[in-house]
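Worksheet: the structure to be examined is printed underneath.
The values are calculated or read from the model by the stated rules, or taken from the named source; none is laboratory data. Given the structure is predicted, the values throughout are model-derived calculations rather than measurements. Ideal geometry is used to build each Cβ from the backbone, glycine not excepted, and the neighbour counts take in all protein chains shown. Keep in mind that these areas ignore ligands, DNA and RNA; they rest on the heavy atoms of the full protein, side chains included. Shrake-Rupley method; radii C 1.70, N 1.55, O 1.52, S 1.80 Å.
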2 protein chains.
Amino acid sequence: MAPQYKLTYFPVKALGEPIRFLLRYGGIEFEDFRFDRENWPQIKPNMPFGQVPILEIDGKVAHQSVAICRYLAKQVKLVGKDDWEDLEIDAMVDTINDFRQKIANYHYETDEAIKETRKGPLFKEILPFYQERLDAIAKSNNGYLCSGRLTWADMYFVGLLDYLNAMAKVDLTEKFPNLQAVKNNVLAISQIKEWVAVRPESEF
Amino acid sequence: MAPQYKLTYFPVKALGEPIRFLLRYGGIEFEDFRFDRENWPQIKPNMPFGQVPILEIDGKVAHQSVAICRYLAKQVKLVGKDDWEDLEIDAMVDTINDFRQKIANYHYETDEAIKETRKGPLFKEILPFYQERLDAIAKSNNGYLCSGRLTWADMYFVGLLDYLNAMAKVDLTEKFPNLQAVKNNVLAISQIKEWVAVRPESEF
């Protein structure tokens, strides 16, 4: 019997969406359990290190979204062809997370005065720094982020993109045609196109 | 001919030390290039995404310390026995980095008033939350963090520990005997013991 998969997360895309992309890409059936935010205080204490998403596979609990994505990428054959390519993919995914963290440091700051001081550096320096370099990499890889072909780094980036855009309140790929190509390449995959058409609506 | 390895980093342990541990563990010769802090402004623009450590292997540049560690762990056989064990190791390493990030958010805050507001939550809630859970995991794995035996997650944790302790200004394992066991198990490995005896002195 095929393993039973259950994803547990907030009713949003965010860190859950790259996992959903990979499951869908591989044609893996899964329960997409989205809990109401009001139930989080009851759920949190039962999560490993108090965090979601988690993915249960035949009842065994996996946590940490990037680790889950890497595991699924092996199952659905979106990894590198050798250890060096896997290293490049891993470095790209961790770089995307650095990028995410820098946007999150701004977005989630609750003190408006502090938030305002972070705005200039983020939008004038940090975002362009990452966008230019990522775009150049996507150009040299023909519209993918690594290895000149589709890998789980592309699925991770595009799966996360709505969340990144929502936090930054801009379209981060707008002026970067090669990052747009990455986005278009992933969204053109038939399994992903189907998923995007049927997935529940959510703000980010 | 064996590949040529060159590590480039600040003259500290910090994010470079887990890489050095893994290289030493595997008996891999490497150039341990430690640049002076005053030269960082000249070096930074040439680093991928402006960050170190990098590891050059026959001139090819690898970046992102965790990705480098995972690559080296494959070479020196400190990975899991299957994809599920690798997932558990990856999740542990990312959890250690969450822990590091939370300490760093306090340590690197330059506004003393903000730093003071973070102190209580960090030391009364966040650190014990992680320490207790990590200690329980180390207990159930007989003094290791994953799989009941030495993996690169242990090398990563112990390699990083002086840096974590320096940022927190406490011995994070002091009251946690199972985390001490992880530390002792790694530091008892002959290659690591030799390295610790000869490595350059640094504050963290």
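Being among the β-branched types (V, I, T), within 13 Å of another protein chain (Cβ to nearest Cβ) and farther than 18 Å from A:A181 by Cβ is the filter here; which residues of the range A:96-142 pass it?
Scanning the range A:96-142 gives A:T110, A:I114, A:T117, A:I126.
Answer yes or no: is there a residue in the range A:163-176 that is open to solvent by 30 Å² or more (accessible area, probe 1.4 Å), touching a helix residue (DSSP H, G or I) at 6+ places or on another chain (Cβ under 7 Å) and part of a helix (DSSP H, G or I).
No - not one qualifying residue is present in the range A:163-176.
For the range B:53-109, give me each residue that is crowded, with 22+ Cβ neighbours inside 10 Å and at positive phi.
Hit for the range B:53-109 is B:Q64, nothing else.
Anything in the range B:72-93 that is at the interface with another protein chain (Cβ under 9 Å from one of its Cβ atoms), without any contact (Cβ under 8 Å) to a residue 12 or more places away in the chain and out of contact with any strand residue (DSSP E or B) (no Cβ under 7 Å at 6 or more places or on another chain)? List them, or say none.
B:K74, B:D83, B:W84, B:D86
Only one of (1) within 16 Å of A:I19 (Cα to Cα); (2) within 14 Å of chain B (Cβ to nearest Cβ) fails for A:E194. Which number is that?
(2)
When you go through (1) under 23 Å from A:V12 (Cβ atoms); (2) loosely packed, with under 15 Cβ neighbours inside 10 Å; (3) of a type in the set (F, W, Y) one by one for A:W195, which number turns out not to apply?
Result: A:W195 passes all but (2).
For residues in the range A:13-63 being out of contact with any strand residue (DSSP E or B) (no Cβ under 7 Å at 6 or more places or on another chain), over 12 Å from A:G159 (Cβ atoms) and in contact (Cβ under 8 Å) with a residue 40 or more places away in the chain, which is nearest to the other protein chains (Cβ to nearest Cβ)?
Going through the qualifying residues, I end up with A:D58.
Can you name the condition, by its number, that A:L145 falls short on among (1) open to solvent by 10 Å² or more (accessible area, probe 1.4 Å); (2) away from chain B (no Cβ under 12 Å); (3) within 18 Å of A:Y25 (Cβ to Cβ); (4) assigned to a loop (DSSP other than H, G, I, E, B)?
Answer for A:L145: the failing condition is (1).
Determine whether B:A104 is small (G, A, S), assigned by TED's automatic domain parsing to the domain that holds B:T173 and more than 23 Å from B:A166 (Cβ to Cβ).
no
Give the range B:1-29 a look and list any residue that's among the polar types (S, T, N, Q) and surrounded by fewer than 15 Cβ atoms within 10 Å (Cβ to Cβ), or say none.
Residue satisfying the conditions is B:Q4 alone.
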